[in-house]
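The values are calculated or read from the model by the stated rules, or taken from the named source; none is laboratory data. Bear in mind that the values here come from a model prediction, so they are computed numbers and not experimental data. Positions of Cβ are generated from backbone atoms using ideal geometry, with glycine treated the same way; all protein chains shown enter the neighbour counts. Note: accessible area is taken over every heavy atom of the protein model, side chains too, but ligands, DNA and RNA are not part of it. Shrake-Rupley method; radii C 1.70, N 1.55, O 1.52, S 1.80 Å.
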Amino acid sequence: MSASTEGNARAAGYTPHPYVGGRTAALRALAAWRMRWPGAPRVIVLTGNPGSGRSRLLTGFLMMCDPEYRKQLPIDDLDPATVPPDLPAPAVPSAAGRTAAQVLWLLADHFELAAGRTEDVFAELAARDEPVTIVVPDVDQAGPVRAAEEATRVVREVLTPLAATETVQLLADVPRELATELAGALPASQVQVIDLDAPEWADPKGLVLHAETALDAGSGAPELPYTTDPAARRALAEALAARAAGSRLTVQLAVQSLLMQPEGFDPADASQLPTSVGEALDLHARRLGADPQTLRLMLAPLAFAEGDGLPVQLLGTLANAVAGRDMSQDLADGMLLAAPFIQPVEPSSEDDEEGTREDGTGEDAEAGAGAGRTLLRLMHPALAEEIRSGLPDVRDTQTRIAMALLEEVPQQDWAQADPYIRDHLAAHTLEAGLLPQLLTDPGLFAHADPVTLRAAIEAVPLEQLGAPARTYLRTAPLLTRSQASATLRAAFLESAFVEDGLAPYAEALHTRGFRLPWRTLWSVPLAGVRAVTTGSVAAAGEDGTAVSRSVAALLVPEGTPGSRTLPDAADGAVAPQDGTGAADGTAAGEDVGAVSGDGAAAAGGRTALLLHDLRAPEYVDADPSQVVQPSEEDRAAAPLGFSRGADYLRVWARADRRMVAALVSDSPVTDADLSPDGVLVVATERGVTARQILVAAPPAAPSVPAQRTGTTDADASHGLEGDHS
């Protein structure tokens, strides 16, 4: 199959695809792939220059692959060789804006796989009896952060293993610089590269038809001599296509420019027809009597915009920052100048939810912060690349943008900041080389979208990150998996900072306006804790007299430093009498306590007791056999109760059964207990942590410096593996 089939199809009288308008050779190859025609490859890599029409081709093909949508197409009038069989729609996990892990888990969810790890996804797909068909579009737009180069990870961590799985029939839209790498990982007989700019796949006649349709007054274009007269329209379309060197985007921008502002355009003057995306910008500006550099400066903030687009209210601020001068008059006078290259965007549903979801205590988190925003973005990513490439120093420009965004945060209160600034400032500082300096404010950690912030931080070499950023990376999988509100993210981070020896950062979160459900009192990295219970014990005071101290009694393996071994018969002395609350899931609202000492001993070997002060970060040297536990009456009269599962706990008020705290753990919960006065002690495979449950809003704690020296580094991030967010 080659471009010569285009002419054959038209000679046979077939109707061009109504959305694609050509590309017969490529559509025939894709249809053969879909029907698994003998000799057709199992994997197709679709590539081409930015603006070559890859996305349009893939969209048009998927229209025919969807059983419902194809009913709206003139299937009987199309070239039969371009029409895929009427089969169930393939899986289409778009990579746009997503991390490699998110793309993979979209697939796992689509096929209802039971996989818990990355490698399990590929193993389960390989074990299927019937082949599966997967189409992955927009790999060039992968990732929530542009500078993180997520497209490379998608190709290496998702597409390459999928392509190597014999039960997978794969079609992927991949940038040219990665297409060779993906195709090279397979035997030549199994893969085909369709490069839309290569001669055998080029479609010059289709490009003419594309321009001619866009110029047609019957398709919505204004009535002009070259839009109403078929001969003049055809001549202009041919001239546009000849000058555009196969670029659909160049033709599209040229047509939008002349239709939006037809004055001053002479269709007979070929010098007014662009040969590239950059020339389309410059010719448009000159035709309207403007300086091309001014147009590029007006559009520059959008060329650096992250996510869905830039809020319109930030456009002027960032344009001033990029230009280094006041651009307000240029923007006020130049919207018609910029209009052909800009499109408005509706904020995504995720943005809306971020401003309205609740934190589990009934408190609105950043309520309405993103309501009513208008976003703007450039018509195509290739426009952004063209504008960025024309700037003398991209890193310096990003620095200016980052500083301007920081100045827009009222009193450095992230709760009041525009959602764009909260979620994407890290991306701008990443490209500016300033991200490590930004990662000292725990308020930003809590308010920023964890998927975006995590992707930005992971793009920085670990040795360049401070201890707070490392704690964030360790906690980020929990934040994304739980889909927690800003308040709960702050609560999880508060505990993580205490666990990693960064108590000032934990205290700072209590001053940022959050109604946190708890205050973390202490945490010890003690492995092997088999059971916990709360109680009191007589201990020596500072003056030598006996005092009663509230303690957490930890059942640990014999030989644990600081523990005391007890006779087997005494093991149960620190265990609650009911012994309820198995970690395999307890009904909501059911009281639970530590497992019995007998059960812990049965888990393997003799046990010992280690006593820890319930409220202070210190061990207690006392006779563990003298621990007095709360009575059943004390527990029943306590204002709070709790229930737990394998990796979560819920604390609720007995009076009205209202949930007052929800804890999700990043490691399995071994045991837990709640003291009558509301101290929750939780043992996991990682260690033991005590939290004071705060039913009412706590008093403000003193502020702390943004940076602390001499802290203990958190563990390094373990990456995205196993994160289903």
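Brief remarks on what is shown
- Taking the criterion of being at pLDDT 90 or above and either open to solvent by less than 30 Å² (accessible area, probe 1.4 Å) or among the hydroxyl-bearing types (Ser, Thr, Tyr) (or both), the residues of the stretch 203-232 that qualify are ASP203, GLY206, LEU207, VAL208, ALA211, THR213, LEU215, TYR226, THR227, THR228.
- Members of the stretch 612-634 that are open to solvent by 10 Å² or more (accessible area, probe 1.4 Å), under 14 Å from SER536 (Cβ atoms) and not in a loop (DSSP other than H, G, I, E, B): ASP613, SER625, GLN626, VAL628, ASP634
Rundown of residues vs (1) closer than 23 Å to ALA469 by Cβ; (2) assigned to a helix (DSSP H, G or I), yes/no style:
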site: ARG377; (1), (2): no, no
site: THR397; (1), (2): no, yes
site: LEU425; (1), (2): yes, yes
site: THR429; (1), (2): yes, yes
site: PHE445; (1), (2): yes, yes
site: LEU453; (1), (2): yes, yes
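- Qualifying residue in the stretch 688-704 (condition: open to solvent by 10 Å² or more (accessible area, probe 1.4 Å), touching a Phe, Trp or Tyr at 6+ places or on another chain (Cβ under 8 Å), modelled with pLDDT under 95 and not charged (D, E, K, R)): yes
- Considering residues of the stretch 233-245 that are touching a Ser or Thr at 6+ places or on another chain (Cβ under 9 Å) and either open to solvent by 60 Å² or more (accessible area, probe 1.4 Å) or free of Cβ contacts under 8 Å to residues at least 12 places away in the same chain (or both) only, the residue nearest to PRO274 (Cα to Cα): ARG243
- Neighbours by Cβ (under 9 Å, 6+ apart or cross-chain): first from the stretch 640-651, free of Cβ contacts under 8 Å to residues at least 40 places away in the same chain; second open to solvent by 10 Å² or more (accessible area, probe 1.4 Å) and charged (D, E, K, R): ASP647/ASP666
- Selection count, the stretch 408-420, where residues are assigned to a helix (DSSP H, G or I) and either without any contact (Cβ under 8 Å) to a residue 40 or more places away in the chain or over 21 Å from ASN320 (Cβ atoms) (or both): 7
- Scanning the stretch 246-268 for any residue that is over 38 Å from the mean Cα position of the chain (by Cα), free of Cβ contacts under 8 Å to residues at least 40 places away in the same chain and not in a loop (DSSP other than H, G, I, E, B) turns up at least one such residue.
Here's the yes/no breakdown for (1) open to solvent by less than 20 Å² (accessible area, probe 1.4 Å); (2) modelled with pLDDT under 50; (3) within 23 Å of SER523 (Cβ to Cβ):
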| position | (1), (2), (3) |
| --- | --- |
| ALA573 | no, yes, no |
| VAL592 | yes, yes, yes |
| VAL595 | no, yes, yes |
| LEU610 | yes, no, yes |
| ASP656 | no, no, no |
| SER665 | yes, no, yes |
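- Evaluation of LEU288 against the conditions (1) touching a residue at least 40 places away in the same chain (Cβ under 8 Å); (2) open to solvent by 60 Å² or more (accessible area, probe 1.4 Å) shows that the sole unmet condition is (2).
- Meets criteria (outside any strand (DSSP E or B) and touching a Gly at 6+ places or on another chain (Cβ under 9 Å)) for ARG657: yes
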